[in-house]
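One structure is given below, encoded as structure tokens.
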Amino acid sequence: MMKWIIVILVILNASWMFADGLRALLIGDYVTPSSGPHAGQLGPWAALVKAAGIEPRSTFMKAAFVFYGASSLIVAAGFGLDQPWGRNLLSVVAMLGLWYLPLGTAANIITLILLFLIRS
């Protein structure tokens with residue numbers, strides 16, 4: 001049961017990142033609120049990325065979203081299909097995704113905890 005919760009968490013997060021990054025590459029920008037006090041603003045992850053010296057709306061960052069999302073989907077499938085490399089790569093993918101505040105961080109922390117509990 002925990003295995004499938006992990007797979008679902010990773011697929012949800014990875015699918016969103018892949019789709020949002022692909023949209024940003026094709027249309028020019030990520031999905032942002034269209035009205036309200038946060039209209040046009042990116043999520044909290046953008047401040048982290050900017051602090052690391054990367055422009056959040058750069059082509060590099062958009063491509064990173066697509067690459068991370070696609071890679072995570074492949075790794076989730078490998079984990080779900082009990083591939084020998086699945087568990088270790090899923091741990092790496094979850095650690096690499098901790099920067100994606102707030103929902104990606106929460107999903108990846110839960111994933112890491114569940115991976116630890118399954119091993120224990």
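Can you put 61, 95, 1 in order, fewest other beta carbons within 10 Å first? Don't skip to the answer; put the middle values down first.
Values: 61 19, 95 13, 1 6.
In increasing order of surrounding Cβ atoms, one gets 1, 95, 61.
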For region 1-92, state which chymotrypsin sites (Phe, Trp or Tyr not before Pro) are in a DSSP loop and have at most 13 other beta carbons lying within 10 Å of their beta carbon.
-> 85
Each residue of region 3-17 in order: what ³J(HN,Hα) in whole Hz does its phi give by Karplus 6.51 cos²θ - 1.76 cosθ + 1.60, θ = phi - 60°, with x for Gly and Pro?
-> 4, 6, 5, 4, 4, 5, 4, 5, 5, 4, 5, 5, 4, 4, 5
Placing +1 on each Lys and Arg Cβ and -1 on each Asp and Glu Cβ in the chain, then taking the dipole about the Cα centre, the residue among 95, 66, 10 whose Cα reaches farthest towards the positive end is 95
Across the chain, how large is the tail of the calculated P(r) beyond 21 Å, expressed as a percent of all Cα pairs?
-> 38
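Values in this text are rule-based calculations from the coordinates and carry no lab data. This is a predicted model, so every value here is computed, not measured. As a convention, Cβ positions derive from the backbone with ideal geometry for all residues, glycine included, and neighbour counts pool all protein chains shown.
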